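Engineer: Starting off with a structure, shown below.
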Amino acid sequence: MYLKRLEIKGFKSFADKVDLEFDKGITAIVGPNGSGKSNIYDSIKWVLGEQSAKTLRGSKMDDIIFAGTESRKGLGCAEVSLTIDNSKKMFPYDYSEITVTRRLYKSGESEYLINNTQCRLKDITELFMDTGIGTDGYSLIGQGKIEEILSSKSEDRRMLFEEAAGIVKYKTRKLEAEKKLETTKQNLIRILDIINNLDEQIEPLKEQSDKAKKYLALRDELKELDINVILYNYENAKNKLNNCLSQINSLEDSKDDLEFKKSEKIQLIAKYKRDLSEIEKEYEFKNNERVELEKKYEALSGNLNLLQERKQNLINDKERLIKEFDEEKINIQNLNTEHESILSNKSKINQDINAAQLEVEKIEKEFERLNTKCNDLETLLESKKSDLLQIIKDISDINNKINSSSILMGSLNNRKLQLKKEIDAKNKKIDVLNLEAESITKIIKNYSDDMAFLKQKSSDISYEILNLEKKEDELNRENKFCFEKLKTIEAKYKTLLDMDKDMEGFNRAVKSILINYKDNRKVFGTISDLIYVPKGLETAIEIALGSSIQNIVVDNEETSIMLINYLKKNNIGRATFLPLSIIKGKEFVINEQLKSIKGFLGVASDLVNYDIKFKNAITNILGRVLICDNLDTANIIAKKTNYNYRIVTADGDVINIGGAFTGGSNSAKTTGIFSRKNQIEELKSLIIIEKENLKKIVDEIYSNSEKVNIKKIELNENNNSIMELSSKIQAENQKLAIVKKEISNIEEIIKDVNIEIEQIDIESKKNTENENYNKSMLQDYIENQKRIENDIENIQLNYKDLKEQRNNISTDLTSKKISLAEKLKTLEAINNEINRIEKNLDSIKQKLNYQNHEIENIDKKTALLEKDIVKNKELIEKIIKDIEIFNKNFNDIEENKKKTAQMISKEESNFNDIEENIKNLINSIHRLEISKSKLESEIDMHTKKVWDDYEISMAQAAQFRKTLKSMSEANIRIADLKNEIKNLGDINVNAIEEYKRVTERYEFLSKQREDLLRAENSLIDIINEIEKKMKEQFEEKFIIIKNNFNQTFKELFGGGFADLKLENDDILTCGIDIIVQPPGKKLQSLSLLSGGERGLSAIALLFAILRMKPTPFCVLDEIEAALDDANVNRFAKFLKDYSKDTQFIVITHRKGSMAAADMLYGVTMEEKGISKVISLKLKGGN
């Protein structure tokens, strides 16, 4: 497996798409500073998932998108694709190549793809996990990574060792398992709280459930008996009502016969009226026809004048066309003469053009010969300039080395002076550290006192939280009670609303009319729809109305007739109508004597509210009905009024006109039509109130919950403060240990500094020798430069002569070509003129043909117009005769119209006699309707009772029917059942379902608790197993890396010693110390090493890891920059040795590294700000 290809587009300075092909072995990427070499390293790091813009040398992530230059616009997207060979199936994909792609758009959107399939960053991270490839692995090593390895914090370099040891995947799984474990624990705590709460509810709910079951059994028995008693009474009243209805039907039949005759008369009168209408229409039609004939006569006269005028116009047009035809013949002769003259000029111009073309071809050949010689000299000149540039570059490199030697010499002297000052500073620092140790000891004591105070505060807050949670439980129980109450009220409100909508209590005929015809313009509704009854008077008004409650108010008698015919036609039933146009009100004037009677409430029509336009209809029914509080008061009023008025009490007792008394017991509940409407309004208001109460409780629960949360946050913050103090105490103890350790380290450092001063003296001597050698080389390069400059000067002189000859010929050639172009242009103008003349000739010929054709058409049109003139005169004569005949027929139609009007008058007189007989029958039917109303009131009373007590209709009550042995026994049993129900006390019917629900939830949550406990134990076992595996694997690999590090260090340094040590016994979290001892030096800290030694030590560690676990490929970004030439050569040798197992891509400035490469890529900026890549394959590194 190795890196095969890298594609970059729009990433940093790579504006154009760049493809980098890689092979096994070593590939070097070179180029001057700022050309974009390190952008290749950054692109690989980015495509593997790097999320830090700072690591990629930017301030924000979209800085990596090509931003544009002075001559180029910026791009909207950056894309990098990295292709890895997978022929050995190291990755779990059935592909020989794996391509990872990452895109970033200016909008901030990004995409990750594996083989052009979208994926997550997590998928890419997991793909390369424990392979050494990745943003945190050891396959990407830049200068920043070297600093990270050599960092003074041992924990920072731990990630490198974990990746090498292959425990990153285990560490990731452990973190996921720990998150799942924490979630499981939180779920377990929540479930235990719920189970404890349910446990408290189960026993009380069981008692309520048993009591509710007994109540339901008694209630069902009572319901069945009571409904059967009501059904018995209801059916008796129904039979009496049927007898009354049969008498009414007989009278209705007689009335229907008269209605039929009346209908026949209406039809006959309508027929005569239709005949009269037809005669009038014919009269009007004939009159219109006469007018049309007169108009036609006028139109034909006008048309005759128009035809004669058209004929004269055609004669004029023919004369004009003959004149134009003669003029066009003269134009044709002139154009033919001009055409012959132009053709002779065209022949002469063609001869001049042929001669000019031959001369131009001859000059072009001479120009081509001189141009070839100039190009050859230019190529030679460029070659010499290239050699000169290379020599100038070599001179610059040597000058840089000489300058570097001078700078290094100054640096060594400065360093020596600095080290002497450092020894003095270290001695002073030891004194400061001793004072710091005393200060830290005092701080630790203060923190311990603060921690004791915060622990007491946490205990107090926990007690407050407990009290608030108890209050929350009480509020939840109250919320549940209010919610159930609201649902019960809403259910009753919906049932009453449905009954009102279904018009429960109205007969079939009334329902049908209200559904199909009610429009508030002709049909206004029943009396019950049009009045509002105050609370407390519902029973009195319903008894007062009786069956009239279903009377329908309409606009006039025609609407009443139309609706009665509708009921007959569809056999729906009967209904009573109150036409506002003819109904008369019956108003009663209350005298002062009646008003003074205690308990007298008023006239029924005055006690209800209604629209004034319905006054006659309402007073007709209720205007002579008196309302009082009870039967005693009613009796007094009846005597005072001499039993001339109907009197109804608030309880529904009645004293009828003449002295008949009606009364008895009513149901405890009263839910008739009016009381039902009032109850709907009451329930609507009650629902609003209960919703407000429920909202208040919910708000209080929310407020209490907020207080609990605030206290928990306060407790959490207090606990955090305790943990923070604990951490601070621990940190201060660590500081104290560090201070003491630092004092010891400083003393060791002073010894090491003295050794370094000796090494500086040796380095200074060596540097002086190198500087002398470079100065001698510089002189040789300067002589070569002068020689090449002379060659360039000679070539430039020859090139100047040839170029001057070429320019002279070029000027002559241009002149000849201009002359030729002018002749060609003249020829083109002649051709255009010939075409123009030919087109004009064709146009004139077409015009002559058109004029001949037009003259023929005019002759034809003139002949046709003469025929139309003759025909028009004949039609005018015919219309004059038709008008004379029409006037004779018109007088007969007028006579017939008068006779039909006399017949209509006679039949309308007969119709009035029939209508008088119908009115007499209606009066008889009305008397029977009063008896029927009383029976219907009794039936309504039974219907109301079954609804009030059981909220079912009479049709639904029939489902409970059974045979009763005795009515008296049934009534006794009903009384016993009511007493038993009363003795049970308050009943919660919902307790049955609630007990079932709570029990099921309790059992379900108990099983959930057991599952969570098993899951918790399972996760703990998994975490322990992962930790054990991580420790074993890390310890094993760490020993191998440690031994390899010592070996590679000796090979790179030519001796010395290196070691790796764990800081404490916690293998999985402790830091890792790097200990090195270059040859001839004592063991010392990394911070005391020179830049070259630090870099070489980090490289030794990298090769130690690669020796143990080779990564498929490794990208190195100028990690050898700080090394001298000798160490660079050693580094290059290591690259060659390790390239057998690992592919290396090296970004470098050093010749030694370039020499080891199998392939070389050069990065340059031909266009400012845009990087380009050129490649060179080598036979092998040297």
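Engineer: Using θ = phi - 60° and the Karplus form 6.51 cos²θ - 1.76 cosθ + 1.60, what ³J(HN,Hα) does each residue of region 1161-1169 get, whole Hz, x for Gly and Pro?
Structural biologist: Result, ordered by residue: 10, x, 10, 9, 10, 5, 9, 4, x Hz.
Engineer: Quick one: if you stick a label point 7 Å off each Cα along the C-beta vector at Phe661 and Ile407, how many nm between them?
Structural biologist: Going from the Phe661 label point to the Ile407 one covers 13.1 nm.
Engineer: Let me ask something else about it. Could you check how many percent of all C-alpha pairs in region 796-877 are farther apart than 21 Å?
Structural biologist: That tail contains 71 percent of the Cα-Cα pairs.
Engineer: Starting from region 832-912, pick out the GluC sites (Glu not before Pro) whose DSSP state is loop and whose Cβ has at most 16 other Cβ atoms within 10 Å.
Structural biologist: When the GluC sites (Glu not before Pro) of region 832-912 are filtered for loop state and at most 16 Cβ neighbours within 10 Å, nothing remains.
Engineer: Still on this model: Hey, fewest Cβ within 10 Å first, where do His339, His942, His853 land in order? Walk me through the numbers on the way to the answer.
Structural biologist: On the way: His339 15, His942 22, His853 10.
Going from sparsest to densest Cβ surroundings: His853, His339, His942.
Engineer: Each residue of region 1057-1072 in turn: what ³J(HN,Hα) in whole Hz from Karplus with 6.51, -1.76, 1.60 and θ = phi - 60°, glycine and Pro shown as x?
Structural biologist: Taking θ as phi minus 60°, the curve returns 8, 9, 8, 10, 9, 7, 6, 8, 7, 7, 4, 7, 10, 5, x, 10 Hz for region 1057-1072.
Engineer: I want the antiparallel fraction of DSSP beta bridges within the chain, as a percent rounded to 5. List each step's numbers first, then the result.
Structural biologist: On the way: 55 of 77 bridges.
Roughly 70 percent of the beta bridges in the chain run antiparallel, per DSSP.
Engineer: Quick one: length gained pulling Ile981 to Lys640 fully straight, 0.36 nm per residue minus the C-alpha distance?
Structural biologist: 118.1 nm
Engineer: With r defined as the distance between the Cβ atoms of Met903 and Leu304 and R0 fixed at 56 Å, what FRET efficiency is calculated, to the nearest 0.05?
Structural biologist: Working: r = 50 Å, r/R0 = 0.89.
Computed FRET efficiency for Met903 and Leu304: 0.65.
Engineer: Can you put Cys628, Cys244 in order of Cβ neighbours within 10 angstrom, beginning with the fewest?
Structural biologist: Taking fewest neighbouring Cβ atoms as first place, the list is Cys244, Cys628.
Engineer: Run the dipole for the chain about the Cα centre, Lys and Arg Cβ at +1, Asp and Glu Cβ at -1, nothing else charged, and hand back the magnitude in debye, nearest 20.
Structural biologist: Its charge dipole is roughly 1060 debye.
Engineer: What is the gain in length, in nm to one decimal, between Tyr1002 and Lys873 on full extension, counting 0.36 nm per residue of separation less the C-alpha to C-alpha distance?
Structural biologist: 35.2 nm
Engineer: Region 1-97: D in µm²/s via Stokes-Einstein (Kirkwood Rh, Cα pairs, 10 °C, 1.306 mPa s)? All intermediate terms of the calculation are to be shown ahead of the outcome.
Structural biologist: Values: Rh = 14.8 Å.
Approximately 107 µm²/s, per Stokes-Einstein.
Engineer: Sort the following peptides by mean Cβ neighbour count (other Cβ atoms within 10 Å, averaged over residues), highest first: 428-434, 931-937.
Structural biologist: 931-937, 428-434
Engineer: Right, next: Could you tell me which helices of the chain pass both thresholds, a Cα extent of 24 Å or more along their own axis and a mean Kyte-Doolittle hydropathy of at least 1.0, with helices taken as whole DSSP H runs? Walk me through the numbers before you get to the answer.
Structural biologist: Working: long enough: 168-501 (143 Å, -0.91); 673-950 (154 Å, -0.93); 967-983 (25 Å, -0.66); 991-1053 (88 Å, -0.80); 1091-1108 (26 Å, 1.10).
Helix filter hits for the chain: 1091-1108.
Engineer: Also: For region 24-62, which trypsin sites (Lys or Arg not before Pro) are both in a DSSP coil and crowded by at most 14 other Cβ atoms within 10 Å?
Structural biologist: Taking region 24-62 and a limit of 14 other Cβ atoms within 10 Å, the loop trypsin sites (Lys or Arg not before Pro) found are Lys54, Arg57, Lys60.
Engineer: To make sure I understand, if each residue's beta carbon is the centre and we count other beta carbons within 10 Å, what order do Leu121, Leu813, Leu578 fall in, fewest to most?
Structural biologist: Result, fewest neighbours first: Leu121, Leu813, Leu578.
Engineer: What does DSSP give for region 507-658 in terms of the percent of beta bridges that are antiparallel, rounded to the nearest 5?
Structural biologist: 60
Engineer: Now, a different point. Give me the distance in nm between label points sitting 7 Å out from Cα along the Cα-to-Cβ direction at Asn288 and Gln1047, one decimal.
Structural biologist: 12.2
Engineer: Follow-up. Extension gain Lys169-Thr963, at 0.36 nm per residue separation less the Cα-Cα distance, in nm?
Structural biologist: 277.5 nm
Engineer: State the label only: which of [x] 33.6; [y] 36.4; [z] 47.9 corresponds to Kirkwood radius over Cα pairs in Å computed from the shown model?
Structural biologist: [z]
Engineer: Please give me, ordered by residue number, the GluC sites (Glu not before Pro) of region 1-81 that lie in loop per DSSP and have at most 15 other Cβ atoms within 10 Å.
Structural biologist: Sparse-neighbourhood loop GluC sites (Glu not before Pro): Glu70.
Engineer: Something else: Cβ neighbours within 10 Å, averaged per peptide: list 468-481, 1134-1147, 973-986, 611-624 in order, most packed at the top. Mind dumping the intermediate values first?
Structural biologist: On the way: 468-481: 13.5, 1134-1147: 20.1, 973-986: 11.3, 611-624: 18.2.
Packing order, densest peptide first, comes out as 1134-1147, 611-624, 468-481, 973-986.
Engineer: Here's a follow-up. Which residue, chosen from Leu56, Asn852, Pro1079, occupies the Cα position most advanced towards the positive end of the dipole of the chain, where the dipole is computed from +1 (Lys, Arg) and -1 (Asp, Glu) charges on Cβ about the Cα centre?
Structural biologist: Asn852
Engineer: Sticking with this one: Using 7 Å Cα-to-Cβ label points, what is the Asn371/Gln796 separation (nm, one decimal)?
Structural biologist: The modelled label-to-label distance comes out at 2.6 nm.
Engineer: Also, quick follow-up: How high is the relative contact order of the chain, given as a whole-number percent (alpha carbon pairs under 8 Å, six or more residues apart)?
Structural biologist: 26
Engineer: Can you show me the helix-derived [θ] at 222 nm for the chain, built from DSSP H runs with n ≥ 4 at -39,500 (n - 2.57) apiece and divided by the number of residues, rounded to the nearest 500.
Structural biologist: Values: 20 runs with 829 residues, N = 1182.
So the calculated ellipticity at 222 nm is -26000 deg cm²/dmol.
Engineer: In square nanometres and to one decimal, what's the mean projected area of the convex hull around the Cα atoms of region 679-831?
Structural biologist: Numbers: hull surface 171.2 nm².
If you wrap the Cα atoms of region 679-831 in a convex hull and average its projections, you get 42.8 nm².
Engineer: A further question on this structure: Of Gly1092, Ala1121, Phe1134, which is farthest towards the positive pole of region 1046-1147's charge dipole, taken about the Cα centre with +1 and -1 on the beta-carbons of Lys, Arg and Asp, Glu respectively?
Structural biologist: Checked the options; the winner is Phe1134.
Engineer: A further question follows. Would you mind putting 841-852, 384-395 in packing order, based on average other-beta-carbon counts within 10 Å, highest first?
Structural biologist: The peptides rank, most packed first, as 384-395, 841-852.
Computed from the coordinates by the stated procedures, all read-outs in this text should not be read as laboratory data. Quantities reported herein were computed from a predicted structural model and do not represent experimental measurements. So basically every Cβ, Gly included, is an ideal-geometry build from the backbone, and we count neighbours across all protein chains shown.
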